[in-house]
1. Give me the one-decimal Kirkwood hydrodynamic radius in Å for the chain, with the sum taken over alpha-carbon pairs.
2. In terms of Cα to Cα distance under 16 Å, which aspartates and glutamates are near enough to LYS14, apart from those fewer than 8 places away along the same chain?
3. Per 5 Å bin from zero, what fraction in whole % of the C-alpha pairs of the range 23-62 is there, up to the bin with the longest pair?
4. All other residues with a Cβ under 11 Å from the Cβ of ILE60 taken together, and with Lys, Arg as +1 and Asp, Glu as -1, what is their net charge?
5. In deg cm²/dmol, rounded to 500, what helix-only [θ] at 222 nm does the chain give when every DSSP H run of at least 4 residues adds -39500 (n - 2.57) and the total is split over its residues?
6. Measure nothing fancy, just the Cα-based angle from helix 30-46's long axis to the longest principal axis of the chain, in degrees from 0 to 90, nearest 10.
7. Which percent of the accessible heavy-atom area of the chain goes to carbon and sulfur, probe 1.4 angstrom?
8. Of ASN73, VAL46, ASN63, whose Cα points farthest to the positive end of the dipole of the range 30-74 (charges on the beta-carbon: +1 Lys, Arg; -1 Asp, Glu; origin at the Cα centre)?
Amino acid sequence: MALKLPENSLNVLKHRYLLRNDKGEIVETPEQLFKRVAKNISLADVKYNKNIDLKKIEDIFFNMLSNLDFLKNS
């Protein structure tokens, strides 16, 4: 899936949020960032329901993030 983000948004992601290696080089794409964030947000649901379909919740959050319907504030 290719995310369609405005250039300014890509610049902010590059400067503030995408993972970097020890040399300071970006090693994550915006899509990988959204997957990482979706996974971590969905983990909170396990605290309330141990039988939850975690992958389904991750996918829901990922879709919300990638459609820019929900953006987690830092």
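The values are calculated or read from the model by the stated rules, or taken from the named source; none is laboratory data. Since we're looking at a predicted model, the values are computed, not measured. Here the Cβ positions follow ideal geometry from the backbone for every residue, glycine too, while neighbour counts run over all protein chains shown. Only protein heavy atoms, including side chains, enter the accessible area calculation; ligands, DNA and RNA are left aside. Shrake-Rupley method; radii C 1.70, N 1.55, O 1.52, S 1.80 Å.
1. Details: mean 1/r = 0.0752 Å⁻¹.
With all distinct Cα pairs of the chain included, I get 13.3 Å.
2. In chain and number order, the partners are ASP22, GLU25, GLU28, GLU31.
3. 6, 25, 25, 17, 11, 8, 6, 3, 0
4. Details: positive: LYS55, LYS56; negative: ASP45, ASP53, GLU58, ASP59, ASP69.
The answer is -3.
5. Result for the chain, helices only: -15000 deg cm²/dmol.
6. 30
7. Details: 2960 of 5710 Å².
Carbon and sulfur: 52 percent of the exposed surface of the chain.
8. Going by the charge dipole, the pick is VAL46.
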